[in-house]
1. Taking only the stretch B:124-151 into account, find how many residues are in contact (Cβ under 8 Å) with a residue 40 or more places away in the chain and not in a strand (DSSP E or B).
2. Determine whether B:Val116 is in contact with an Asp or Glu (Cβ under 8 Å, 6 or more places away or on another chain) and not assigned by TED's automatic domain parsing to the domain that holds B:Ala14.
3. Would you be able to tell me the number of residues in the stretch B:11-37 that are part of a helix (DSSP H, G or I) and within 14 Å of another protein chain (Cβ to nearest Cβ)?
4. Against the condition outside the structural domain of B:Asp133 (by TED's automatic domain parsing) and closer than 19 Å to B:Phe153 by Cα, how does B:Thr39 come out, does it pass?
5. I need the full set of residues from the stretch B:50-79 which are farther than 23 Å from B:Glu6 by Cβ and among the hydroxyl-bearing types (Ser, Thr, Tyr), in order please.
6. For the structure I just gave you, tell me whether B:Leu27 is farther than 22 Å from B:Ser161 by Cα and surrounded by 15 or more Cβ atoms within 10 Å (Cβ to Cβ).
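The values are calculated or read from the model by the stated rules, or taken from the named source; none is laboratory data. Keep in mind it's a predicted model, so treat the numbers as computed, not measured. Cβ sites come from the backbone with ideal geometry, for glycine too, and all protein chains shown count toward neighbours.
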Amino acid sequence: MSEPVQLPSAARVARLYGEPYIELPRDLYIPPDALEVILDAFEGPLDLLLYLIRKENLDILDIPMAPLTRQYLEYVEALRATNLELAAEYLVMAAMLMEIKSRLLLPRPPVAESIEHDPRAELVRRLLQYEQIKQAAQQLDQLPQLGRDVLAVSVWVERSVAERLPEVSPQDLAQAWRTLLYRARMTAHHRVSREELSVREHMSGVLRRLQERRVLEFGELFDPARGVAVLVVTLLAVLELAREMLIEITQSENFAPIYVKLAHAESH
Amino acid sequence: MPNPTEAKRILEAALLASPEPVSLTDLRRLFDDQVGPDTLDKLLAELRQDWSGRAVELVSLASGWRFQTLPEFRPFVEKLQPERPPRYSRAVLETLAIIAYRQPVTRGDIEDIRGVVVSTQIIQSLENRGWIDVVGHRETPGRPALYATSRTFLDDLGLRSLQELPPLEEIAKTLQLEPEPASAVPAAANEPAAG
């Protein structure tokens, strides 16, 4: 394929259309046994095209379109078995190359010349853009990478070894001891007062109230205002009354109100 | 506020205790915000100087400061590592480069530049690494996701900002529509692909 209109430069023709030109297409073909290797080596049609251009030190405009296209079609054939998606992409590129070539061959009306875009411009733009990214990717890969080239340093911090236990100060111990003493004094007081607040006295009191009201809700028997000691004694009194079967304590179901009433035997 | 020597030791302890970069905000909290940003910068610079010549260096990254081993000790450190991190394929690296340099980009943008379909696995492997994430959607049909690189990406590559990425090389000069004598050649070839 010649480019009679586009490339009139003698030097260029000599370089490309002289002896080297004859050799070039052969080199562009991929030997069938090498195909497998090359498939892995290239990232796609742009990558392959770039490789061919760089390898042969070609100007992108000088690539003979016919052999290149034939080579691409060989790719498509080979790829169809393994990777249809990729084959489609190579096919698109082949079509694009042919379109560029055909548009270059068409005579252009001189008036429109200044307006019309060079059909190769877009391909060149994409090739340049891709090559730039390709190089950038290599540079990125050369940056020291955490986990691959460098490791984050972290020293062993002791808290991660031992379970943290609460701290105890002497003051805490002293306070605990004081509390114990205080509670002991309270207990001693109870022991003394238990004789005053005798259970039996309260048993009588409970019975008395039940005689007035016949039935009382359990809580009504107690008077929290008179202190814990009285509550406890009252409870003991109630339990004792129940044990002696002087009263009946009933509850219809769990959590229902508990009722206390005089046992029938005692009722008048 | 503790004296400078003591403050440096406090910074040293805090940084050595953390495998993650420690932000300047957190470092200031060490001193109950009693140390100004300028002083902190100075102390960190001094601390970095103190550690020079060791196998470990103090580096400033996107999210803060971190102690890390020097790259030249990789072959030795590697020997004791149970598993080696896999190297990324060219496809992954090119995708990463496009996202890093052209962000935010859609998958379609990446495919335009690479000339091949970008597989979901490639995107996923970068997402799993925490290097890229979706920062929005382009308001075109299909509302494609827009990808950008993350702070972790910068941290892991030892960068403080995207401006520290290696500059894109100017390639246009070596590949031009130069021999075209006709006046029809537009400026397209001279237009840097960097856009």
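1. If we filter the stretch B:124-151 for residues that are in contact (Cβ under 8 Å) with a residue 40 or more places away in the chain, which is where we start, we get B:146-149, B:151.
Restricting the remaining residues to those that are not in a strand (DSSP E or B) gives B:151.
Count: 1.
2. Working: in contact with an Asp or Glu (Cβ under 8 Å, 6 or more places away or on another chain): yes; not assigned by TED's automatic domain parsing to the domain that holds B:Ala14: yes.
Here the answer is yes, as B:Val116 does meet what is asked.
3. Restricting attention to the stretch B:11-37, the residues satisfying the condition of being part of a helix (DSSP H, G or I) are B:11-16, B:24-29, B:37.
Retained after the next criterion (residues that are within 14 Å of another protein chain (Cβ to nearest Cβ)): B:11-16.
Going through the stretch B:11-37 one residue at a time, the tally reaches 6.
4. On the way: outside the structural domain of B:Asp133 (by TED's automatic domain parsing): yes; closer than 19 Å to B:Phe153 by Cα: no.
Considered against the rule, which asks whether it is outside the structural domain of B:Asp133 (by TED's automatic domain parsing) and closer than 19 Å to B:Phe153 by Cα, B:Thr39 comes out as no.
5. Of everything in the stretch B:50-79, those that are farther than 23 Å from B:Glu6 by Cβ and among the hydroxyl-bearing types (Ser, Thr, Tyr) turn out to be B:Ser63, B:Thr69.
6. Working: farther than 22 Å from B:Ser161 by Cα: no; surrounded by 15 or more Cβ atoms within 10 Å (Cβ to Cβ): yes.
Taking the combined requirement at face value, the residue does not satisfy it.
Yes or no, residue by residue, for (1) in a helix (DSSP H, G or I); (2) modelled with pLDDT under 90:
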position	(1), (2)
B:Glu46	yes, no
B:Gln49	yes, no
B:Val59	no, no
B:Glu78	yes, yes
B:Glu83	no, yes
B:Glu94	yes, no
B:Ile122	yes, no
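Rundown of residues vs (1) at pLDDT below 90; (2) crowded, with 19+ Cβ neighbours inside 10 Å; (3) closer than 22 Å to B:Leu61 by Cβ; (4) of a type outside the set (Asp, Glu), yes/no style:
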| residue | (1), (2), (3), (4) |
| --- | --- |
| B:His137 | yes, no, no, yes |
| B:Ala145 | no, no, no, yes |
| B:Leu159 | no, yes, yes, yes |
| B:Leu162 | yes, no, yes, yes |
| B:Glu169 | yes, no, no, no |
